[in-house]
Amino acid sequence: MRFRLFFVFCCSCVFCFSQEQLIQDYIENMGDNGQRNLVDFVELYEDYEKRPLNLNTNQEADFHNFPFFTAYQLSQVLYYREQMNGFVETSELKILSVFTAAEIKFLQPLLTVEFFHENEVYSSYSMEQMFRFAQVLEKQVGYEEKLKGSKPIIYFRNKQEWDNRLKLGLTIQKDAGEHLFSSKYRNGFDFVSVSLCFKPKTRHMTSVVVGDYALNFGEGLIIWNGFSMGKGVTSTRSDKNGVALMSYHGSDEVHFMRGASVELREGKFSFIPFFSNKNVDAVIQENAEINSIRVDGYHRTANEIANKGTVEENTYGGRLSFREANKLLAVNFVSINYSKNLVYTSAYQKQYSAGIHHYYTSVNHSLIGQNWQVFGEVAIDKEGNYAMLEGLNLYATPNVTFNSTVRKYSGGYRSLYANSFGERSNANNEIGLYTGVTLNLGRGCSVKSYLDLYSFPSLSYREKKKTDGYDFFVEIRKKLSNSSNIYLRSKYEKRQVSFDDNMKEEVSRLRLHYKTVLGKLTLQSRIETSLYNVSEKGVLVFQDVKAQLRRFTLSTRVAYFDTRSYQSSVYAYQPNFLYAFRSMAYFNQGFQILLMAKIPLSHKLKLWFKYQRVQYLNRGTVGSSYYETTTSFLTEISFQIQFLI
């Protein structure tokens with residue numbers, strides 16, 4: 001007990017990052033293909049920050065709904081709580097070898113060990129209202145003929161909550177080039193989303209959602225609407241962990257449900273039936289059959305507007321799960337039905353299941369042992385096409401974690417709402433073996449690495465025959481002090497190009513990143529190089545400075561980039577507003593200047609301003625297609641205002 005109290009005292013002195021910086025760091029490390037519906041991620045973080053998960057008093061079912069623990073971490077937390085009769089401080093997580101120091105810093109704001117009476121903490125009303133505006137200042141050629149709407153990007157949301165039991169959300173969005181307050185839209189806006197979530201205080205019903213909502217089943221082989229991680233520095237995580245049913249407040253105009261759902265519980269069993277009805281964008285042929293379903297959500301040109309909501313989609317199904325201690329077994333079913341016949345015409349699409357009715361059934365499982373976890377899902381459609389993923393997490397020692405995942409997605413299997421682990425996220429036409437390892441070397445030094453071997457055995461949009469490839473990733477991270485760290489990251493990918501039997505695409509990237517906090521000043525420096533097919537080189541160098549001034553926070557970025565073409569481009573996450581996420585591709589030659597200010601006008605009112613200019617040194621125009629300018633630079637201004645009650 002003396003050691004335990006001494007440990008708690010020492011950990012209370014650990015340096016802490018701000019909430020926004022923690023979220024930004026986590027998102028940037030989520031991986032290449034894991035950034036769908038990131039608003040869900042930030043909202044969940046904020047919800048638990050306001051009402052932390054109590055490590056001592058919350059029930060086991062509450063822990064399973066906490067998406068920031070892995071299944072194995074959750075089992076270790078519950079075991080520790082049972083053996084030690086509870087936690088004294090949240091910093092005791094460091095005693096458990098399954099958490100890194102960075103994960104503990106991220107999790108601590110979301111956890112508590114103190115006891116509060118529910119009426120003292122949760123009986124309240126809160127409201128958040130937010131408006132965002134962004135626009136490119138230069139003239140863009142598409143607005144003269146093709147684009148039918150206006151230039152600004154507009155985003156509005158209103159979220160209200162009563163007693164942690166009732167949530168009401170409204171989201172409105174308009175993309176650049178789309179109409180605003182147009183008679184073409186029933187509600188005056190291009191995209192309007194409304195959701196209502198109720199959590200009754202009953203034993204057998206945990207939540208009821210009406211309006212727009214998200215479903216996250218299994219490993220995402222048949223449906224996963226929320227955020228998930230792709231291949232990245234989280235190399236020991238290829239299994240998914242999310243809330244099975246939640247209200248939807250994102251701006252993705254395709255990957256969500258619109259209707260009603262409920263979660264019912266009886267002992268160790270849980271059942272989630274659901275129904276959804278909405279119109280989806282589709283290209284209709286002259287014979288009134290569907291040629292393709294559009295998933296980009298854009299309604300800017302005459303053709304895009306003509307395709308908007310042309311097909312009615314009825315989706316229903318459910319999930320029945322059994323959970324006991326460290327065991328999980330679930331059966332999932334989804335039926336997607338269109339008002340018109342879906343007929344594929346392209347050669348690679350003819351292997352997909354066509355028609356009006358589309359059925360998907362899957363079984364997913366998870367089993368946790370003393371230092372291991374096996375997980376997976378097997379799915380099949382009405383034609384017998386299948387998708388399969390099976391994985392093993394092995395915690396060999398407190399400092400060595402190993403993950404191996406095998407996947408096989410048949411060429412004919414295709415679910416619109418799938419979001420799976422792999423080189424691509426659509427659970428289609430892919431065979432792969434992924435192996436990852438994490439080594440904690442001590443003294444703040446760690447190594448993460450993975451090797452992913454994959455092939456695309458059937459025809460696809462890019463591949464005209466069977467192709468294969470692999471990518472290798474390694475990162476060495478060193479904590480220099482409580483306020484500074486540095487990492488070196490390398491990724492190499494090689495894949496066959498199907499239209500040329502003798503050609504291989506090779507891309508290698510090398511990044512060196514340093515971060516330090518000096519009082520109220522945060523500095524981040526990065527240099528990254530890329531090499532495409534040996535001969536084409538690229539480089540990105542930037543310096544970020546974030547200053548906590550007396551009345552506001554100022555963030556700046558100065559960047560220089562030099563690449564031959566888009567093929568050797570270098571990507572970097574951009575400083576941005578709350579609920580706004582952007583990763584920019586730097587290519588050609590030029591420099592970038594970004595200034596962003598966050599101004600808290602009061603405790604309830606916050607204002608953000610951002611100015612960004614990208615100057616190209618080797619181009620006379622910027623952009624392509626509809627968004628091409630006649631200048632060698634691109635300037636964007638934006639602001640966001642948030643009002644809280």
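Numbers at a glance
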quantity: In the stretch 581-592, residue farthest from Val545 (Cα to Cα) [restricted to those that are open to solvent by 10 Å² or more (accessible area, probe 1.4 Å) and within 27 Å of the chain's Cα centre (by Cα)]; calculated: Phe587
quantity: Residue match in the stretch 615-628 (condition: open to solvent by less than 50 Å² (accessible area, probe 1.4 Å), assigned to a strand (DSSP E or B), closer than 18 Å to Val558 by Cα and free of Cβ contacts under 8 Å to residues at least 60 places away in the same chain); calculated: yes
quantity: Per-region count, the stretch 301-313, residues open to solvent by less than 20 Å² (accessible area, probe 1.4 Å) and acidic (Asp, Glu); calculated: 2
quantity: Those residues of the stretch 549-575 which are farther than 26 Å from Ser530 by Cα, of a type in the set (A, V, I, L, M) and either assigned to a strand (DSSP E or B) or open to solvent by less than 60 Å² (accessible area, probe 1.4 Å) (or both), in sequence order; calculated: Leu554
quantity: The stretch 404-435: number of residues that are open to solvent by 50 Å² or more (accessible area, probe 1.4 Å) and either basic (Lys, Arg) or assigned to a loop (DSSP other than H, G, I, E, B) (or both); calculated: 4
quantity: Single residue of Gln83, Gln59 found to be surrounded by fewer than 17 Cβ atoms within 10 Å (Cβ to Cβ) and closer than 30 Å to Phe402 by Cβ; calculated: Gln83
quantity: Criterion: free of Cβ contacts under 8 Å to residues at least 40 places away in the same chain, assigned to a strand (DSSP E or B), buried (at least 16 other Cβ atoms within 10 Å of the Cβ) and under 25 Å from the mean Cα position of the chain (by Cα) - qualifying residue of Tyr470, Tyr450; calculated: Tyr470
quantity: Glu383 of a type outside the set (A, V, I, L, M), over 21 Å from the mean Cα position of the chain (by Cα) and modelled with pLDDT of 95 or more; calculated: no
quantity: Unique residue being modelled with pLDDT of 90 or more and within 17 Å of Ile641 (Cβ to Cβ) when the list is Lys139, Lys174, Lys167; calculated: Lys174
quantity: Unique match (being at pLDDT 95 or above and open to solvent by less than 40 Å² (accessible area, probe 1.4 Å)) among Tyr360, Tyr316; calculated: Tyr360
quantity: Failed item in (1) of a type in the set (Phe, Trp, Tyr); (2) modelled with pLDDT under 95; (3) touching a Gly at 6+ places or on another chain (Cβ under 8 Å), with Phe561 passing the rest; calculated: (2)
quantity: Residue in the stretch 244-270 that is most open to solvent (accessible area, probe 1.4 Å), counting only those that are closer than 9 Å to Asp212 by Cβ and assigned to a strand (DSSP E or B); calculated: Arg258
quantity: Any hit, the stretch 436-446, residues being surrounded by fewer than 19 Cβ atoms within 10 Å (Cβ to Cβ) and β-branched (Val, Ile, Thr); calculated: no
quantity: The stretch 290-300, residues that are open to solvent by less than 50 Å² (accessible area, probe 1.4 Å) and either in a loop (DSSP other than H, G, I, E, B) or of a type in the set (A, V, I, L, M) (or both); calculated: Ile290, Ile293, Gly297, His299, Arg300
quantity: Some residue of the stretch 512-531 being of a type in the set (Ser, Thr, Tyr), within 24 Å of the chain's Cα centre (by Cα) and crowded, with 16+ Cβ neighbours inside 10 Å; calculated: no
quantity: Only one of Gly519, Gly538 that is over 30 Å from Ser458 (Cβ atoms) and touching a Ser or Thr at 6+ places or on another chain (Cβ under 7 Å); calculated: Gly538
quantity: Test: Lys479 is in contact (Cβ under 8 Å) with a residue 24 or more places away in the chain, in contact with a helix residue (DSSP H, G or I) (Cβ under 9 Å, 6 or more places away or on another chain), within 21 Å of Val98 (Cβ to Cβ) and part of a strand (DSSP E or B); calculated: yes
quantity: First in the stretch 357-383 and touching a residue at least 60 places away in the same chain (Cβ under 8 Å) and more than 15 Å from Asn337 (Cα to Cα), second anywhere and part of a loop (DSSP other than H, G, I, E, B) and among the β-branched types (Val, Ile, Thr), Cβ under 7 Å, 6 or more apart; calculated: Ser362/Ile222; Ala379/Ile222
quantity: Residues located in the stretch 271-280, provided they are open to solvent by 20 Å² or more (accessible area, probe 1.4 Å) and within 22 Å of Phe191 (Cα to Cα); calculated: Phe275, Asn277, Asn279
quantity: Within the stretch 147-164, tally of residues that are modelled with pLDDT of 90 or more, more than 22 Å from the chain's Cα centre (by Cα) and hydrophobic (A, V, I, L, M, F, W, C); calculated: 0
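Matching residues to (1) of a type in the set (Gly, Ala, Ser); (2) farther than 30 Å from Leu392 by Cα; (3) out of contact with any strand residue (DSSP E or B) (no Cβ under 7 Å at 6 or more places or on another chain); (4) buried (at least 19 other Cβ atoms within 10 Å of the Cβ):
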position	(1), (2), (3), (4)
Val331	no, no, no, no
Val334	no, no, no, yes
Asn341	no, yes, no, no
Gln351	no, yes, yes, yes
Ile356	no, yes, no, no
Asn364	no, no, no, yes
Leu367	no, no, no, no
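The values are calculated or read from the model by the stated rules, or taken from the named source; none is laboratory data. Quick caveat: nothing in here was measured; it's all calculated off a predicted structure. For neighbour counting, all protein chains shown are included, and Cβ atoms are generated from backbone atoms with ideal geometry for every residue, glycine included. To get the accessible areas, we keep the full protein, side chains included, count just its heavy atoms, and leave off ligands, DNA and RNA. Shrake-Rupley method; radii C 1.70, N 1.55, O 1.52, S 1.80 Å.
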